Each structure stands twice: as C-alpha cells, then as structure tokens.
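Since every read-out is calculated from the coordinates, none of them should be taken as a lab result. This one's a predicted model, so the numbers in the text were calculated from it and none came from an experiment. Reconstructed Cβ throughout: ideal geometry from the backbone, glycine too, with neighbour counts over all protein chains shown.
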Amino acid sequence: MAIPRSFRLLEELEKGEKGGSQACSYGLSNGDDVSMTNWNGTILGAPNSVHANRIYSVEIICGPKYPDEPPLIKFVSKINLQCVDQKTGDVIVDKFTIMNNWKRSTTIEDCLMELRKEMITPANKTLAQPNEGSIF
C-alpha cells in the first residue's frame, strides 16, 4: 500500500528540518500550510565549477498528486543550466532526468541534489552565470 501524500510530506519536512544534507536545505514556505504544498529550498553551488561558493534559492510546489507526480521547481536565483528555463527559472521536466523519469520514491532532497549534480556536468559546469544575487 502506498504511503498517503500527507505522511510522505511530513517525513520529508522532518528530514529537511533536521538538515540531512549539507549541500541543500528545504522546508515549508509557510508553517501554517496544512496542505504542505509550497516549499522553499536552497542549493549550495557545486565545488570545482562556476557555481562554487554560491547559494541558489528555489521554490517548490508539491501539487495534489505528489508524490505520484514530480513537484514543480523554480529557481528564484538566476542560474544558467540547460534544464532551467532562462526566462522563468522553471526546471524543465523533459530536460531533467530525475523528474522526466519520475518514481514515487523520489524525494524533494533527491531533486535538489540532482540539480546540484547538474551544475558539474560537462554541459553546464563552465556556462557563464548571471551576477550573484540576480533573481528571476
């Protein structure tokens, strides 16, 4: 039997609040959001790349069909990655493997860590980046 959406999101919230990863963090945008739909996240720029020493902010929307469908992720901080729409900051599902091949077991943290890995792929690691602090 599949874990209900709310239980799954409570598990993810607890893990996010404990700060399981040093490379990313995430939590609810509003602690009163009983639907657990709107989240904020941060990703530390990958070392040995043009992203090193930068902190990127993202907005995450876990819709009513999450975790059966991937969340929507949008960069607030401007970033130049091949899987990010350069006009809106939206992560493009078709260009981001973990979301394109979505599995119910995939988590918010998995998505954020994969975005960090994208920063150091050969196609992305030397792309010119907007000025630090720029936002979409």
Please identify the pairs in which a residue from segment 115-136 that is within 13 Å of Y56 (Cα to Cα) has its Cβ atom under 7 Å from the Cβ atom of a residue that is exposed (fewer than 13 other Cβ atoms within 10 Å of the Cβ) and among the polar types (S, T, N, Q), counting only partners at least 6 apart or on another chain. F136/T88
Within segment 13-56, tally of residues that are over 16 Å from T107 (Cα atoms) and in a strand (DSSP E or B): 3
Which of the residues that make up segment 70-90 are within 21 Å of G27 (Cα to Cα) and in contact with a Lys or Arg (Cβ under 7 Å, 6 or more places away or on another chain)? G89, D90
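Would you check if L81 is within 16 Å of the chain's Cα centre (by Cα) and either surrounded by 14 or more Cβ atoms within 10 Å (Cβ to Cβ) or under 20 Å from N48 (Cβ atoms) (or both)? Spell out the reasoning first.
Details: within 16 Å of the chain's Cα centre (by Cα): yes; either surrounded by 14 or more Cβ atoms within 10 Å (Cβ to Cβ) or under 20 Å from N48 (Cβ atoms) (or both): yes.
Yes; evaluated as a whole, the condition is true for this residue.
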Take segment 69-98 and flag every residue that is more than 14 Å from T37 (Cα to Cα), assigned to a loop (DSSP other than H, G, I, E, B) and of a type in the set (D, E, K, R). K78, D85, K87
Considering only segment 99-136, how many residues are within 26 Å of R5 (Cβ to Cβ), more than 13 Å from the chain's Cα centre (by Cα) and not in a loop (DSSP other than H, G, I, E, B)? 1
Filter segment 57-68 down to the residues that are in contact with a Phe, Trp or Tyr (Cβ under 9 Å, 6 or more places away or on another chain) and either part of a loop (DSSP other than H, G, I, E, B) or within 16 Å of R104 (Cα to Cα) (or both) and list them by number. I61, C62, P67, D68
So how many residues does segment 12-34 have that are of a type in the set (G, A, S), surrounded by fewer than 19 Cβ atoms within 10 Å (Cβ to Cβ) and touching a residue at least 24 places away in the same chain (Cβ under 8 Å)? 4
